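Written out below as structure tokens is the structure these notes cover.
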Amino acid sequence: MAAKKGIGELLVRENLIEIDQLEEARKDQKRNGGRLTSALVRMGYVKDADLVEFLGAQYNVPTIDLRHFEIDPEAIKLVSKQICEKHSIIPVSKAGKSLVVAFSDLTNMIYVKDDLSLITRCKIEVVVASDVAIATAIEKYYDSGAKFDNIMHEMEDSEEAFEVAPGSQAEIVDNETGADDGPIIKFVNMMLAEAIKTKTSDIHVEPYEKRFRVRFRIDGRLVEKVQPPPGTANAITSRLKILSKMDISERRKPQDGRLKVRLKSGKEVDFRVNCTPVMFGEKVVLRLLDKSNLQVDLTKLGFDESQMKMFTEALKTPQGMILITGPTGSGKTTTIYSGLAELNNPGKNVSTAEDPVEFNLDGINQVQVNPLIGFTFADALRAFLRQDPEAIMVGEIRDLETASVAYKAASTGHLVVSTLHTNDASATVARLVDMGVEPYVVAEGTTLIIAQRLIRKVCPTCITDHKVPDEVLLDMGVAEDKLHEYTNIKRGEGCNDCQGTGTRGRVAIFEVMPFNAKVRESIIRGATPLEMKRAAVFEAGMITLRQSALLKLRDGQTTAEEVMHGSIKDDL
């Protein structure tokens, strides 16, 4: 282990910083408070990640990246927030009598370890993490573990107004805290308001045998926000069901509902709600439908210039099928509504069949299908064809009947836009054929297929330059003669704004497959998805999902990790 010296002296000794930089950092520390390491990072003398690696090597201690580590709630309970803030530490996991604790300052490690051993009665195992990451984790996990009454107190200033079904009555559930109790109402209101504030896409309310938790999906990543007492689970669930106009007495089968939140500012946000029975109660998932966050400007979605041209030209055609594909949560709704906004003008009759109608668009005839009463997508499509439409949007092609009617409409003078759940553009053709649509119908009736994903963007607050080795870029799919273009690669160091993750917000990547003669010929002769993809790339100029992600990497919008994990690798 290194001799007992301050971190600043160790960095100077190893020539990682200059002595005058150390003095400047100490002056900054005196002015602004905090730790010396924070001042060194803040002033740009050393990078956060490099500092962690240096300390781990100097003290022969393992490092940990808290951005990608789920901390054990049982470990958090053993050490107070005050001690963690005082020493810049946080307990991360517990196994038997061993407690793993992350430190950012190892100079007083021995004394702090002894104190922790006495407090926790555990053997302390040390790992090293960055100062910022530990501060972010303390804020996240100790706020999540706060007492329920304290959370209620913090919520009072954020309570918002909600629309509730007329005549709905709150009830006491299982002799526990009632859904009409003040703290429960405040908790639900604050939860919904906080989700809107943090641009959450989904809220997960989950009961387990011995705990009850609430998680938010932010930028595609689930983050635990709070653990209310397990005894409040039924009351909170009932409150959400009342607001969503569900039957609170029915707990044996799934229910769907919808609620509207009206903030004090006058802003209204809809939530699509699903309640499903699970082992220890009912899990509720709420999807936020915030129209103010709906980006309907095609130029701001993330299309490459050539992709944008293909899409806008397809939207101008009088007939044919445009398909938007991708998994759940890939941004298909935003893309399809952006296309509808392009079509929405007084000279066109545009109708949509949706399940559910997520956003109301003025000037477009939107229809909510309801399979429970026998009103399906296919039924809506048939009705539209008798109402003289120019363009039709079908929420999703789920079966052969819907696909057949949609392609019939696309071949008889109507522009049809719809969605499918597939991995990429060429796999969409295989999915339709497998569904029962004839290959020649797909080939002749389809104008364009767009596959998409969402990848995280580099946090603009803590963005910094990053060098990716040429070997890694080549393995990711960058052509050797294009390596010189990748000089603007960025990454985030991790800060409070991005909760230490280094990424904030998401951007779409696209694969736009135009149907030219070569692509149509490959479909009719029964080519494999890979052969179709090759025809689209080499004969029609298609940019694949991986290539689209690489362009975002080249331009400094995303990270190498996101490209590798958030896009499909090409096998051309």
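The values are calculated or read from the model by the stated rules, or taken from the named source; none is laboratory data. Fair warning: this is a prediction, and the values are worked out from it, not measured in the lab. Here Cβ is always computed from backbone atoms with ideal geometry, including for glycine, and neighbour counts include all displayed protein chains. What goes into the accessible areas is simple: the full protein's heavy atoms, side chains included, and nothing from ligands, DNA or RNA. Shrake-Rupley method; radii C 1.70, N 1.55, O 1.52, S 1.80 Å.
Of all the listed residues (T200, T237), the sole one being touching a strand residue (DSSP E or B) at 6+ places or on another chain (Cβ under 6 Å), of a type in the set (S, T, N, Q) and not in a loop (DSSP other than H, G, I, E, B) is T237. A single entry from V284, V214, V273 fulfils the requirement of being open to solvent by less than 50 Å² (accessible area, probe 1.4 Å), among the aliphatic types (A, V, I, L, M), touching a residue at least 40 places away in the same chain (Cβ under 8 Å) and within 28 Å of G505 (Cα to Cα): V284. When N345 is tested against (1) over 31 Å from the mean Cα position of the chain (by Cα); (2) open to solvent by less than 30 Å² (accessible area, probe 1.4 Å); (3) under 30 Å from G266 (Cα atoms), exactly one condition is not met: (2). Can E224 be described as touching a Phe, Trp or Tyr at 6+ places or on another chain (Cβ under 9 Å), part of a loop (DSSP other than H, G, I, E, B) and either closer than 27 Å to G329 by Cα or modelled with pLDDT of 85 or more (or both)? Against the criterion (touching a Phe, Trp or Tyr at 6+ places or on another chain (Cβ under 9 Å), part of a loop (DSSP other than H, G, I, E, B) and either closer than 27 Å to G329 by Cα or modelled with pLDDT of 85 or more (or both)), E224 does not qualify. Suppose the filter is under 25 Å from E485 (Cβ atoms) and not small (G, A, S); does L551 pass it? Taking the combined requirement at face value, the residue satisfies it. Criterion applied to K490, K533 was being surrounded by 15 or more Cβ atoms within 10 Å (Cβ to Cβ) and within 30 Å of I322 (Cβ to Cβ), and the one residue passing it is K533. Out of curiosity, is E531 at pLDDT below 90, over 29 Å from the mean Cα position of the chain (by Cα) and farther than 30 Å from E70 by Cβ? In short, no. When T107 is tested against (1) at pLDDT 85 or above; (2) under 29 Å from E9 (Cβ atoms), only condition (1) is not met. Scan the range 310-331 for residues that are farther than 19 Å from G505 by Cα, polar (S, T, N, Q) and surrounded by 14 or more Cβ atoms within 10 Å (Cβ to Cβ) and jot them down. Correct list: T312, Q319, T325.
Screening T335 with (1) of a type in the set (S, T, N, Q); (2) closer than 22 Å to L448 by Cβ; (3) surrounded by fewer than 16 Cβ atoms within 10 Å (Cβ to Cβ) gives one miss only, at (3). When residues of the range 397-408 are filtered for being modelled with pLDDT of 90 or more and within 26 Å of the chain's Cα centre (by Cα), how many remain? Of the residues in the range 397-408, 1 are modelled with pLDDT of 90 or more and within 26 Å of the chain's Cα centre (by Cα).
All of (1) over 16 Å from L361 (Cα atoms); (2) at pLDDT 90 or above hold for T335 with one exception: (1). The number of residues in the range 83-112 that are surrounded by 18 or more Cβ atoms within 10 Å (Cβ to Cβ) and either touching a Cys at 6+ places or on another chain (Cβ under 6 Å) or part of a helix (DSSP H, G or I) (or both) comes to 6. When residues in the range 390-440 are screened for being in contact with a Pro (Cβ under 8 Å, 6 or more places away or on another chain), open to solvent by 40 Å² or more (accessible area, probe 1.4 Å) and of a type in the set (D, E), 1 of them pass. Scan the range 537-572 for residues that are polar (S, T, N, Q), in a loop (DSSP other than H, G, I, E, B) and under 17 Å from D424 (Cα atoms) and the total you get is 2. Residues in the range 41-60 that are under 15 Å from C495 (Cβ atoms) and free of Cβ contacts under 8 Å to residues at least 40 places away in the same chain: R42, M43, G44.
Please count how many residues of the range 363-393 are of a type in the set (D, E) and farther than 24 Å from L315 by Cβ.
Matching residues across the range 363-393 total 1.
For the range 227-237, filtered to residues that are more than 27 Å from the chain's Cα centre (by Cα) and open to solvent by less than 30 Å² (accessible area, probe 1.4 Å), the residue that is modelled with the lowest pLDDT is T232. Among the residues examined, V478 does not qualify as within 18 Å of the chain's Cα centre (by Cα), open to solvent by less than 60 Å² (accessible area, probe 1.4 Å) and at pLDDT 90 or above.
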